[in-house]
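Asks: Can you read through this structure? Questions will come right after.
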Amino acid sequence: MSIKNIAIILAGGSGSRFGGDLPKQFEFLNGKRIIDYSLNTFLNHKDIDNIVIVAHKDWLEMLKEEYNDCIIIQGGKTRKESSYFGLKACPSNTTNVLIHDA
């Protein structure tokens, strides 16, 4: 069985400390969403096999449309619960997991 490396991106925060109309991870910076910078890093890394994005239910459809090459799931009430849901969404042959806060 080969090693399977999964990146989990926690994107469920409201961004209330950041301010603004959108959660921080969905704001635009230089023409790209802030989450895009994290996603592109993992998508282009030779050792990352798949990405799980954990997000608030209000953003799931947009994420599924824009990032259809990732596993998109609904987060929990806390960061800890969202991390757990992300771990549960990893394929059964996952060997290594990286958790990144979008």
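No lab work stands behind these numbers, since they all come straight from the coordinates. Remember, predicted model here, so these are calculated numbers, not experimental data. For neighbour counting, all protein chains shown are included, and Cβ atoms are generated from backbone atoms with ideal geometry for every residue, glycine included.
Asks: So what does log10 I(q)/I(0) come out to for the chain at q = 0.21, 0.24, 0.25 Å⁻¹, using the Debye formula with one equal point on every Cα and no solvent?
Replies: -1.10, -1.39, -1.48
Asks: Follow-up. Got a sec to turn the phi values of the stretch 34-49 into Karplus ³J(HN,Hα) couplings, 6.51 cos²θ - 1.76 cosθ + 1.60 with θ = phi - 60°, whole Hz, x for Gly and Pro?
Replies: Computed from phi, the couplings for the stretch 34-49 are 4, 4, 4, 5, 5, 4, 5, 4, 6, 4, 9, 8, 5, 9, 9, 8 Hz.
Asks: Taking the 0 to 90 degree range and rounding to the nearest ten, how far is the long axis of helix 79-89 tilted relative to the main principal axis of the chain, both from C-alpha atoms?
Replies: The helix 79-89 is inclined about 40 degrees to the chain.
Asks: Mind ordering 79-88, 53-62, 40-49 by average Cβ neighbours within 10 Å, highest first?
Replies: Highest mean packing first, the order is 53-62, 79-88, 40-49.
Asks: A follow-up question, please. List the residues, sorted by chain then number, that are 5 or more residues from Ile8 or on another chain and whose placed amide H is less than 5 Å from its amide H.
Replies: It is Val52, Leu98, Ile99, His100, by chain and number.
Asks: Same structure, new question: So which of Lys24/Lys46; Lys24/Lys77; Lys64/Lys88; Lys24/Lys64; Lys4/Lys88 end up more than 20 Å apart, counting from Cα to Cα? Spell out each step's value before the answer.
Replies: Working: Lys24/Lys46 27 Å; Lys24/Lys77 18 Å; Lys64/Lys88 18 Å; Lys24/Lys64 18 Å; Lys4/Lys88 15 Å.
With Cα atoms farther than 20 Å apart: Lys24/Lys46.
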